[in-house]
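S.K.: Below you will find the structure I want to go over with you.
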Amino acid sequence: MRKALRWLLALVVLIGTVSTAGAATAAEPKAVDIKDRLLSIPGMSLIEEKPYTGYRFFVLNYTQPVDHRRPSKGTFQQRITVLHKDVNRPMVFYTGGYSVSTNPSRREPTQIVDGNQVSMEYRYFTPSRPEPADWSKLDIWQAASDQHRIFKALKPLYSENWLSTGGSKGGMTATYYERFYPRDMDGVVAYVAPNDVVNREDRAYDRFFARVGTEECRDRLNGVQREALVRRAPLKEKYEAYAAENGYTFDTIGSLDRAYEAVVLDYVWGFWQYSTLKDCADIPADARNATDDEIWNSVDTISGFSFYTDQGLAPYTPYYYQAGTQLGAPTIHFPHIEKKYIRYGYQPPRNFVPRSIPMRFEPWVMRDVDRWVRHNADQMLFVYGENDPWGAEPFRLGRGADDSYVLTAPGMNHGANVAGLVPEEKALATARILDWAGVASAEVRENPSAAEPLATFDAKLDKRDVQREPALRP
């Protein structure tokens, strides 16, 4: 009897299945929109969505603990952006190490792998700053832990391979993230990342400035820099009027005179950081016979007289705090300028951070990172520019490194990238990035010289030129 009943029930189910097959297909659940999937992540909230052809772009807040060692001790809202292409494409995790742009942009590795991109605003850069701010929680481990939590939150949505990247302080950030969480990423592409292992040993920078570019260009730059200090009195009067007109103050650095010298001493560094050898044609060739306005305009164009004001320094307080506590900062000398013209020399980061914020330098932090990279780097690529001062102290690889590379783009500045490498190294770097992302074709794996970016260059979306920022800030 039970057999007959089971047979009858099976027949009814079969008939029902056949008769309603079309209806069942029509009733399949609709795929959940990516915005809804992002917002279903605990702690994630939407600030805005901006359209861009071929992508979805979201500006989001993500709730982070102020202290990852003690998550119960308070939280803050950290801005991130997501440039979404397809959950079946790789993800590139980008940070510049500063504030995040809220406009759609695509970094070079994202174009190379034709992937998605999540970008993180570095903690303590406004508005991603706890209130009140406990500055002792601004360190490289806490920031790496921010990235780790974001990765864990997004990995279930974006399950393909992940790469981390960043330029300058962002390249440093990507490196530190790999040091503390080496199992998260499938590859790292760090651009122009300084590596100040011993903060007090900076002779590498002096050697760099003695040979960079051509003698003619160095002489032009040195001449203008020296002349700006020789003419300190008249040019300071111009600076005082400029500051009064714009409402600038100098409480943090201490005086207008200190700010003036800091701007002038940044001049040569700033030129090589953001310019190329051909731009030497714009530098006054005979500084001693140049007008005051010509000297002022050249220094202002390259260094920026507004930067060491309270208003100019304020957005970079988190950077200078880190430079003075963990990252280190360069000190260079000026053999072309008589000592009588230099009152302060290169000033330490402490002078650029309000005195109300305590600072103490930890010399072991960068030594630890450097040691780890030398002996443990795995699937890491470092790209430097030949004429970039920040590359004077680069990351280097030791015997323990595996499938990792340090490459230098000839003639390039702080905007050096894979596209600027010599052809053989460009192909090698592109092939490794594709392979780490899990999207290298069989042809590329067999012949790296065939490697090309998978996405077409988009002049609006792809950011290949270095963003103009004040000198002496990576």
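S.K.: Of the residues in the range 241-281, how many are within 25 Å of residue 387 (Cα to Cα) and without any contact (Cβ under 8 Å) to a residue 12 or more places away in the chain?
M.R.: Narrowing the range 241-281 to residues within 25 Å of residue 387 (Cα to Cα): 261-281.
Going one step further and asking which of them are without any contact (Cβ under 8 Å) to a residue 12 or more places away in the chain, we end up with 278-279, 281.
Looking only at that region, the number is 3.
S.K.: Now a separate question. Check the range 363-382 and report whether any residue there is more than 29 Å from residue 183 (Cα to Cα), assigned to a loop (DSSP other than H, G, I, E, B) and in contact with a Ser or Thr (Cβ under 6 Å, 6 or more places away or on another chain).
M.R.: no
Yes or no, residue by residue, for (1) open to solvent by less than 20 Å² (accessible area, probe 1.4 Å); (2) at positive phi; (3) not hydrophobic (A, V, I, L, M, F, W, C):
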site	(1), (2), (3)
319	yes, no, yes
335	no, no, yes
364	no, no, no
378	no, no, yes
414	yes, no, yes
433	yes, no, no
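S.K.: Ok, one more. Of all residues in the range 413-425, which are assigned to a helix (DSSP H, G or I), over 14 Å from residue 111 (Cα atoms) and under 21 Å from the mean Cα position of the chain (by Cα)?
M.R.: 420
S.K.: Tell me which residues, restricted to the range 137-157, are touching an Asp or Glu at 6+ places or on another chain (Cβ under 9 Å) and either open to solvent by less than 10 Å² (accessible area, probe 1.4 Å) or of a type outside the set (Asp, Glu) (or both).
M.R.: Passing the criteria: 137, 142, 144, 147, 148, 151, 152, 155.
S.K.: Assess whether residue 173 counts as being β-branched (Val, Ile, Thr), surrounded by 17 or more Cβ atoms within 10 Å (Cβ to Cβ) and out of contact with any helix residue (DSSP H, G or I) (no Cβ under 6 Å at 6 or more places or on another chain).
M.R.: So residue 173 passes the test.
S.K.: Okay, next question. Find the residue count for the range 416-431, including only residues that are open to solvent by 20 Å² or more (accessible area, probe 1.4 Å) and of a type in the set (S, T, N, Q).
M.R.: 0
One line per residue, one yes/no per condition, for (1) under 28 Å from residue 278 (Cα atoms); (2) aromatic (Phe, Trp, Tyr); (3) modelled with pLDDT under 95:
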position	(1), (2), (3)
414	yes, no, no
417	yes, no, no
422	yes, no, no
433	no, no, no
436	no, yes, no
442	no, no, no
446	no, no, no
451	no, no, no
455	no, no, no
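S.K.: If we scan the range 177-200, do we find a residue that is more than 16 Å from the chain's Cα centre (by Cα), of a type in the set (Asp, Glu) and open to solvent by 60 Å² or more (accessible area, probe 1.4 Å)?
M.R.: Looking for residues that are more than 16 Å from the chain's Cα centre (by Cα), of a type in the set (Asp, Glu) and open to solvent by 60 Å² or more (accessible area, probe 1.4 Å), one finds none in the range 177-200, hence no.
S.K.: Residue 99 passes all but one of (1) more than 26 Å from residue 317 (Cα to Cα); (2) out of contact with any helix residue (DSSP H, G or I) (no Cβ under 6 Å at 6 or more places or on another chain); which number fails?
M.R.: Only one criterion in (1) more than 26 Å from residue 317 (Cα to Cα); (2) out of contact with any helix residue (DSSP H, G or I) (no Cβ under 6 Å at 6 or more places or on another chain) is unmet by residue 99, namely (1).
The values are calculated or read from the model by the stated rules, or taken from the named source; none is laboratory data. The structure presented is a predicted model; accordingly, all values stated were derived computationally and were not measured. Note that each Cβ is placed from the backbone with ideal geometry, even for glycine, and that neighbours are counted across all protein chains shown. Note: accessible area is taken over every heavy atom of the protein model, side chains too, but ligands, DNA and RNA are not part of it. Shrake-Rupley method; radii C 1.70, N 1.55, O 1.52, S 1.80 Å.
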